[in-house]
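Quick notes on the structure that follows.
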Amino acid sequence: MWGVIRQKMSTGSSSVLVLGQRIRPAACAFRNYSSPAKEINVREALNSALDEEMSADPTVFLMGEEVGEYQGAYKISKGLLDKYGPERVLDTPITEAGFTGIGVGAAYHGLKPVVEFMTFNFSMQAIDHIINSAAKSNYMSAGQLSVPIVFRGPNGAAAGVGAQHSQCYASWYASCPGLKVVAPYSSEDARGLLKAAIRDPDPVVVLENELLYGESFPVSAEVLDSSFCLPIGKAKIEREGKDVTITAFSKMVGYAIKAAEILAKEGISAEVINLRSIRPLDRATINASVRKTNRLVTVEEGFPQHGVGAEICTSVIEDSFGYLDAPVERIAGADVPMPYAANLERLAVPQIEDIVRAAKRACYRAESVASTA
Amino acid sequence: MAVWFSRSRTIGYCLRKKLGFFGLVGHESSCCFSPSFRHISSIRQIGGSYGNPNGFLNDSAIHFRSWRFESSTAETQLDPQYFQEEDDLNQGLDFPGGRVTFTSELRFISESGDKRVPCYRVLDDNGDPITHTSFAQVSKELAVKMYGDMVTLQMMDVVFYEAQRQGRISFYMSTTGEEAINIASAAALSSDDLVLPQYREPGVLLWRGFTLQDFADQCFGNKADCGKGRQMPVHYGSSKHNFFTVSSPIATQLPQAVGVAYSLKMDKKDACVVAYFGDGCSSEGDFHAGLNFAAVMEAPVVFICRNNGWAISTPIEEQFRSDGIVVKGRAYGIRSIRVDGNDALAVYNAIRTAREMAISEQIPVLVELLAYRVAHHSTSDDSSKYRPVDEIEYWKSSRNPVNRFRKWVERNGWWSDKEESELRSSVKKQLLKAIQVAEKTEKPPIAEIFTDVYDHPPPNLKEQEKVLREDIKRHPKDYPSDVSL
């Protein structure tokens, strides 16, 4: 919520972001007891969500490579094997097609599997089971085969991992009816959306982000409660504004928020929407925002063609064409397989400055033109 | 010095003992290729009579290749003795997976055994029981039901195939030649066993009580179809009959079967999971993953392979170079058997036993049923384009599983010509009526386009339905009048 902005403002305007860590006043401990909000990182949020859902429902079980003994490739499932045993935390052989198929079969017969992909790049080896079986079975069997399964794992670019470990699969999965696709940003998102996904009777793809795992966010007591849940299909307005709407999901939400701060100093009030849910897309919230601001910038890390931004743009044209005062700006990753070299990688992924420039273009405010507030 | 504990049964040694007990390994067993299998004389005999996987083909078969039966070293059987003498356990080393003894002979395991894995059968081609075979007797009631369902299945295929040719349904797949596989395997299972089919096993549904009208309704995609007209013909599914809806991509059902078994284990029922698949399916990655996982997870799955020699136009020697599917079981640590798929009693016995093993020992079992796909792959296929017509005719007549079983049933005094003609005329009437009724039945209502995509229809689908209905109201002439709203 506002917690993030409040935190930033309290540390002064020149806070520096170092890959997920914030430099805070030395007096603050990691758990900041002096302020009302507790902080947890996304990893802890996911771990606690898994733990609570497995505790509440004995049919929920976790399956994937390295999730058990190794405590999870990214330590998301830390401690779960010890707590729940090997029947509920399964280390699988290296076969995405195999264990995804097994998960689908188990879901057919009443269990609730949570299938972890080490990264969604590897889910490509299992995509037939996800699309042709998980997504379509309920429909094709006329409701006889329901698939209450969750597919989760890191999605999108990390840092220096190259093309086969960096693609964003949001638009791949979000194009398929029968699936639900969510992309958490903050710890609250992570807890709420993963819990909702596990409880959902439909197959849900949860697109996490490796670089966000270590990032901490303040969470309220309500979020920490084991019954906490976020609705799938509702976006969140991270920051209200009136001049331009910026939509984003996952890591790009953080970038969009920072871009909004920079824009604020230049007199542009940006509204940042954290999509949270890619399918179903919260068209209502997006359109209401665009009708207010009349300008739209979509931000995503993935490839531009057939991406999430393309879908958002079309939905706004369909519902709110008359309200647009400027063409929709689409910020996406470069249309190339992700290069490895650090300088090239940086250029292949949207940066905060790209979002700022796009917002200014949407406001007809190019760099060289003097600002008119 | 690390000592690796073997978690798996030590292969070969224990397995041989167990298989020997069940009389399933071929040394002493009386089951063997019947003289009617024709061996092409052009096979080079070096390396033993590997046999001709296309032995059933005429000599004029053009796609037979003999070069691969040469083997350099004398490896004797498909169930080889890896060592000359008894294992000297002192001369070994612990490796991951268990203890391995050493040998100073630089010897490669041959790519093929000297003999093919023999094939279990009970009745010979004339329907006479082969003496000294082990099989449990079936009662008159069971035998008559089995035979009756085989005839029904056979006739259903003919009538529905014709219906497709007449343009009344869009597509059909027949099981001609595999009636014994379908019905006898279903008869050996219990109704609690969960079946994941490929697509050529409607006989299992028939056995379990799916009516001819149910089949017709699915093929016509009308509103009585329990699949709500969502799938193309022959993609049956019925949770009531524990028959998972047919899914077109090949082999996906194999790892899914393991997942179902994983869940079933927790139910602790006297039931197992049964996954059917064809010879071509063994090439898919999911086959490897499914079988491998089943063994690792000790899943009670009976994997039933219908090796019918063809995957559309791909004959099995272009599909794999192993001795069929049965030998692949050992590679995964799975108990396996090869059975004559045209022998209803052999199929019944083998599946019954496999099922008992799967449930009592909580292990996967692989059963390869050898048969021949007399049918074309589907109504979109004309198999005379890639195989000789007289080969198809041969299997349709001389190797017909229905006739063979009929002879046995008749010889027991349980069936007669009179009953045969009564059954056939009754079934034909029922089939024609079922088709007529199905054809006239309304198609599913518009609302069913949008249901079951998700558990609850999301707002965008509700909106789409609203828009569609408004459109139909405004332009009724653009929409069919026989679809209810």
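Brief remarks follow.
- Spatial separation of Cα centroids for region A:293-362 and region B:421-485, in angstrom: 42
- Hydrodynamic radius of region B:235-350 per Kirkwood, over alpha carbon pairs, in Å: 15.0
- Over all pairs of different C-alpha atoms, chain A has a mean inverse distance whose reciprocal, the Kirkwood radius, equals 21.1 Å.
- For B:K385 and B:E442, the FRET efficiency from 1/(1 + (r/R0)^6), where r spans their Cβ atoms and R0 equals 35 Å, is about 0.35.
- Surface/4 of the Cα convex hull for region A:38-224, nm²: 9.9
- Positive minus negative residues near B:D482 (Lys, Arg vs Asp, Glu; Cβ under 12 Å): +1
- Over all pairs of different C-alpha atoms, region B:187-298 has a mean inverse distance whose reciprocal, the Kirkwood radius, equals 14.7 Å.
- Additional length obtainable on full extension of the chain from B:D270 to B:S421, 0.36 nm per residue less Cα span: 50.5 nm
- Per-residue shielding of B:245-254, expressed as the average number of other chain Cβ atoms within 10 Å of the residue Cβ, stands at 5.
- Normalised by 2.2 N^0.38 Å, where N counts its residues, the alpha-carbon radius of gyration of region B:367-406 equals 1.28.
- At 1.567 mPa s and 4 °C, Stokes D of region A:50-97 from Kirkwood alpha-carbon radius, µm² per second: 122
- Over 31 Å (Cα to Cα) - which of B:K140/B:K429; B:K145/B:K433; B:K228/B:K328; B:K269/B:K396; B:K223/B:K477 fall in this group: B:K228/B:K328; B:K269/B:K396
- Cα-centre dipole for chain A with unit charges at Cβ (Lys and Arg positive, Asp and Glu negative), debye to 20: 960
- Cα-derived Rg over Rh, computed across region A:156-246 with Rh taken as Kirkwood radius: 0.99
- Accessible surface buried at the B:A interface totals approximately 3000 Å², computed with a 1.4 Å probe on protein heavy atoms.
- Percent of Cα pairs exceeding the 26 Å cut-off, where the set is region B:357-470: 63
- Counted as membrane-span-like here are DSSP H helices of chain A whose alpha-carbon atoms extend 24 Å or more along the helix's own axis and whose Kyte-Doolittle mean is 1.6 or above; there are none.
- Solvent-accessible surface ranking, highest first, for A:R291, B:R373 at 1.4 angstrom: A:R291, B:R373
- Under the simplified labelling scheme, the A:F321-B:H475 pair shows an inter-label distance of 1.7 nm, with each label point 7 Å from Cα along Cα→Cβ.
- When only alpha carbons of region B:270-414 are considered, Rg and Dmax amount to 16.6, 48 Å.
- Cβ crowding within 10 Å averaged over residues, with B:374-380, A:96-102 ranked highest first: A:96-102, B:374-380
- Fraction in percent of alpha-carbon pairs per bin - 10 Å, region A:271-373: 14, 42, 32, 11, 1
- Rule-of-thumb Rg ratio for region B:140-440 [Cα; 2.2 N^0.38 Å; N residues]: 0.95
- The local environment of B:E410, defined by Cβ-Cβ distances under 13 Å, has a net charge of +2 under the rule Lys, Arg +1 and Asp, Glu -1.
- B:V296, A:V297, B:V100, ranked by accessible area, largest first (probe 1.4 Å): B:V296, B:V100, A:V297
- Within 10 Å of each Cβ in B:281-290, the average number of Cβ atoms from other chains: 4
- Computed from the C-beta positions of B:S104 and A:Q164 and an R0 of 41 Å, the FRET efficiency is 0.40 to the nearest 0.05.
- Ellipticity at 222 nm from helices only: DSSP H runs of n ≥ 4 in chain A, each -39500 (n - 2.57), divided by the residue count, give -9500 deg cm²/dmol.
- Taking a quarter of the surface of the Cα convex hull of region B:121-191 gives a mean projected area of 6.2 nm².
The values are calculated or read from the model by the stated rules, or taken from the named source; none is laboratory data. Bear in mind the structure is a predicted one, so any value in this text is a computation, not a measurement. Virtual Cβ from ideal backbone geometry, glycine too; neighbours counted across all protein chains shown. Ligands, DNA and RNA are stripped out before the accessible areas are found, and what is left, the full protein with its side chains, is counted by its heavy atoms. Shrake-Rupley method; radii C 1.70, N 1.55, O 1.52, S 1.80 Å.
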